[in-house]
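Engineer: Got a structure for you, written out below as structure tokens; questions coming shortly.
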Amino acid sequence: MRQHGQSYLRAMNEKFTIVKVSGKIVEKADELRTFVKAFAAIKGKKMLIFSGNMMAQEIGNKMGIKTKLIDDRPVVDAGTLKLLTMVYGGLVSRLFVSLLQGNKVNALGVTGADMNLITSVKLTDGKLGDTGQVRHVNTEGIARLIDNGIVPVLAPITHDGRGNLLFNETDAMAAEIARALALRFNITLIYCFEKKGVLLNTDDPDSVIANLRRTQYKALRDMDIIKDWFVNKLDNAFTAIDHGVKEVVITSPAGLGKDDKGTHIKG
């Protein structure tokens, strides 16, 4: 029992970094390479989750598949689901894997359906079609990959356990994975996107809020200073903190892995 307890404590203290990178970085070659180099330099256990709506839309347009959006989120019908699975689970995943292998990172591209890593339930309102909400994270499966020196590169495609694929919104998906793994590891969740962090003034790219507290966030929301898609990202960040994630960082590729860059939210 004592050895098991010591092993458990060592795992709880072991740092694990989850990085979710936005589509606007994926779709720009220079920023993508900057991001991959910075991600490769992160020490210790880590995994990557990615998005890329514009790339999927562009390929879909060439194939005659038009994607309808609600609040910048795709309405996932049968044709769109096939498109997203092809683009995310295929093209973008392989792009990341090849770039990471070139930076000496032993990456493996997976979806939530692979190894039963992520199961989801379809959103109940039905407005977004075959869009899922995470129901279960296979922490043992992720840990096995990590323990074997593999860095998972996770596409936002999951399954419902009954033979059906679902598309997942990546900010929420990353937060759910982070909170599940927080039961085993010391988790840092990083949202990496095109801005330097959460901005006090959207017209000033350098007005980064270095440390954001919940009370400050609420006040800035009430004043309509923080709004739109920032709200979704930050709501997910605070949810992760509430469920044991040690720190959430919101930053750009240039700030990735730098303690003095970006916006930091701590539990």
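Engineer: Within the set of pairs 6+ apart or on separate chains, which have a first residue in segment 150-161 that is free of Cβ contacts under 8 Å to residues at least 12 places away in the same chain, a second that is surrounded by fewer than 23 Cβ atoms within 10 Å (Cβ to Cβ) and not hydroxyl-bearing (Ser, Thr, Tyr), and C-beta atoms under 8 Å apart?
Structural biologist: Close Cβ pairs (under 8 Å, with a partner that is surrounded by fewer than 23 Cβ atoms within 10 Å (Cβ to Cβ) and not hydroxyl-bearing (Ser, Thr, Tyr)) do not exist here.
Engineer: Same structure again: Working only within segment 138-164, note down all residues that are in a strand (DSSP E or B) and touching a Gly at 6+ places or on another chain (Cβ under 9 Å).
Structural biologist: Of all residues in segment 138-164, those in a strand (DSSP E or B) come to 151-154, 157-159.
Answer for segment 138-164, where residues must be in a strand (DSSP E or B) and touching a Gly at 6+ places or on another chain (Cβ under 9 Å): 152, 153, 154, 157, 158, 159.
Engineer: Within segment 214-236, which residues are more than 13 Å from residue 250 (Cα to Cα), without any contact (Cβ under 8 Å) to a residue 12 or more places away in the chain and exposed (fewer than 15 other Cβ atoms within 10 Å of the Cβ)?
Structural biologist: Across segment 214-236, the qualifying residues are 215, 216, 218, 219, 222, 223, 224, 227, 228.
Condition check ((1) within 24 Å of residue 181 (Cα to Cα); (2) in contact with a Ser or Thr (Cβ under 9 Å, 6 or more places away or on another chain); (3) among the acidic types (Asp, Glu)) across all residues:
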| position | (1), (2), (3) |
| --- | --- |
| 200 | no, yes, no |
| 242 | yes, no, yes |
| 247 | yes, yes, yes |
| 250 | yes, yes, no |
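Engineer: Go through the residues of segment 34-52 one by one and say whether even a single one is over 25 Å from residue 147 (Cα atoms), loosely packed, with under 13 Cβ neighbours inside 10 Å and at pLDDT below 90.
Structural biologist: no
Engineer: Now, a different point. Quick check on segment 103-113: of everything there that is in contact (Cβ under 8 Å) with a residue 60 or more places away in the chain and surrounded by fewer than 19 Cβ atoms within 10 Å (Cβ to Cβ), which residue is nearest to residue 51 (Cα to Cα)?
Structural biologist: The qualifying residue nearest to residue 51 (Cα to Cα) is 103.
Engineer: Further question on the same structure: Could you grab me the full set of residues in segment 237-267 that are of a type in the set (A, V, I, L, M, F, W, C) and surrounded by fewer than 17 Cβ atoms within 10 Å (Cβ to Cβ)? Can you show your working first?
Structural biologist: Looking only at segment 237-267, we keep the residues that are of a type in the set (A, V, I, L, M, F, W, C), and these are 237-238, 240-241, 245, 248-250, 254, 256, 265.
Within segment 237-267, just 254 meets the criteria.
Engineer: Sticking with this structure for a sec: Does segment 172-184 contain at least one residue that is assigned to a helix (DSSP H, G or I) and surrounded by fewer than 14 Cβ atoms within 10 Å (Cβ to Cβ)?
Structural biologist: Residues of segment 172-184 that are assigned to a helix (DSSP H, G or I), as a first pass: 172-181.
Narrowing further to those that are surrounded by fewer than 14 Cβ atoms within 10 Å (Cβ to Cβ): none.
Looking for residues that are assigned to a helix (DSSP H, G or I) and surrounded by fewer than 14 Cβ atoms within 10 Å (Cβ to Cβ), one finds none in segment 172-184, hence no.
Engineer: Which ones in segment 185-207 are farther than 17 Å from residue 173 by Cβ and within 21 Å of the chain's Cα centre (by Cα)? Walk me through it before giving the result.
Structural biologist: Of segment 185-207, the ones farther than 17 Å from residue 173 by Cβ are 185-186, 194-207.
Result: 185, 186, 194, 195, 196, 197, 198, 199.
Engineer: If a residue has to be assigned to a loop (DSSP other than H, G, I, E, B), modelled with pLDDT of 95 or more and under 19 Å from residue 85 (Cβ atoms) to count, how many in segment 98-132 make the cut? Explain how you work it out, then say what you get.
Structural biologist: Quick first cut of segment 98-132, residues assigned to a loop (DSSP other than H, G, I, E, B) only: 103-106, 111-113, 117, 123-128, 130.
After this cut, where a residue has to be modelled with pLDDT of 95 or more as well, the list is 103-106, 111-113, 117.
Going one step further and asking which of them are under 19 Å from residue 85 (Cβ atoms), we end up with 111-113, 117.
Residues in segment 98-132 being assigned to a loop (DSSP other than H, G, I, E, B), modelled with pLDDT of 95 or more and under 19 Å from residue 85 (Cβ atoms): 4 in total.
Engineer: So which residues in segment 245-265 are of a type outside the set (D, E, K, R) and either in a strand (DSSP E or B) or in contact with a Leu (Cβ under 7 Å, 6 or more places away or on another chain) (or both)?
Structural biologist: Listed by number, the residues that qualify are 245, 248, 249, 250, 251, 263, 264, 265.
Engineer: Still on this structure, I have one more. State which residue is farthest from the chain's Cα centre (by Cα) when the search covers only segment 93-134 and only residues that are closer than 23 Å to residue 67 by Cα and among the hydroxyl-bearing types (Ser, Thr, Tyr).
Structural biologist: 124
Engineer: I would also like to ask the following. Any residue in segment 47-68 that is assigned to a strand (DSSP E or B), in contact with a Ser or Thr (Cβ under 9 Å, 6 or more places away or on another chain) and β-branched (Val, Ile, Thr)? Walk me through how you get there before you give the answer.
Structural biologist: From segment 47-68, those assigned to a strand (DSSP E or B) are 47-50; that's our starting set.
Now narrow it down to the ones that are in contact with a Ser or Thr (Cβ under 9 Å, 6 or more places away or on another chain): 47, 49-50.
From the residues that got through so far, the ones that are β-branched (Val, Ile, Thr) too are 49.
Within segment 47-68, one or more residues are assigned to a strand (DSSP E or B), in contact with a Ser or Thr (Cβ under 9 Å, 6 or more places away or on another chain) and β-branched (Val, Ile, Thr).
Engineer: Restricting the search to segment 124-144, which residues are of a type in the set (A, V, I, L, M) and farther than 20 Å from residue 178 by Cβ?
Structural biologist: Of the residues in segment 124-144, the ones of a type in the set (A, V, I, L, M) are 128, 134, 137, 142-143.
Within segment 124-144, 128 is the sole residue that qualifies.
Engineer: Here is a follow-up. Pairs, please: C-beta under 6 Å, at least 6 apart or cross-chain, first residue of a type outside the set (A, V, I, L, M, F, W, C) and in segment 114-142, second buried (at least 21 other Cβ atoms within 10 Å of the Cβ) and part of a loop (DSSP other than H, G, I, E, B)?
Structural biologist: 138/117; 141/117
The values are calculated or read from the model by the stated rules, or taken from the named source; none is laboratory data. Computed from a prediction, not measured in an experiment: that's the story for all the values here. A quick note on method: Cβ atoms are made from the backbone with ideal geometry, for glycine too, and the neighbour counts reach across all protein chains shown.
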